[in-house]
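Structure, as structure tokens:
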Amino acid sequence: MNLTAWMASINGVIAANAPHPWVIGALWGLCVIDGFFPPVPSESLVVALAAIGHPSRWLIIPVAAAGAICGDNIAYWVGRQIGHTKLFTGGPKRQKTVAWATHQLRVRGPLCILVARYIPGGRVVVNAMAGATRFSYRVFLPIDALAGVLWACYATAIGAGAASFLGNNHILAATVGIIGAIIIGVILDQILRRLMPAPQSD
């Protein structure tokens, strides 16, 4: 079983046990891990739980936001400790993403931190690069807190909207909500990369 399938099965177990109190702790923990380890699909879990309606959506939002903010801050401080040179080495695709993140942080840092949370994998790169490039933590923290809250509201709204549209079929609503969130993420990724292009190499 690959990592994605394994994490999907974990999400399935948690969603199936949504009414149990331990799910809140699991939600927080996965949102934290997702902040520095992108294969963990915390957004799909938020959407699924919101579609199911357990726990309360008013509880899902602050718990998911708190976890996301903690994870983002871990990525920031890991980047700050390791530094720019050692942190990101890899193929052309990764180097292109790093170049984009570095440029955006330099020219429009707060906006980049805010919008990167909606780009699959982008938030980890941006937050780690913010630390690696010594972006002001006093600026980073409040912007990231706002990004985390807005992201939690967005993911919860997708799940709640799917449930509202599909009625009591919670499994279908969760599935539709997760697919919708993925599609929206991909669309936002393309839009933001066009609005916020990387510098052209000479």
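Among 75-83, 129-137, 155-163, sorting by the average number of other beta carbon atoms lying within 10 angstrom of each residue, highest first, gives 155-163, 129-137, 75-83.
The label-point distance for residue 138 and residue 99, in a model that sets each label 7 Å from Cα toward Cβ, rounds to 3.4 nm.
Note on residue 153 and residue 108: the model spin-label points, each 7 Å out from Cα along the C-beta direction, lie 2.1 nm apart.
Read the figures in this text as sums done on the coordinates, not as results from a lab. Since the structure is predicted, the reported quantities are computational estimates derived from the model, not experimental observations. With ideal geometry, Cβ positions are generated from the backbone for all residues, glycine too; neighbour counts draw on all protein chains shown.
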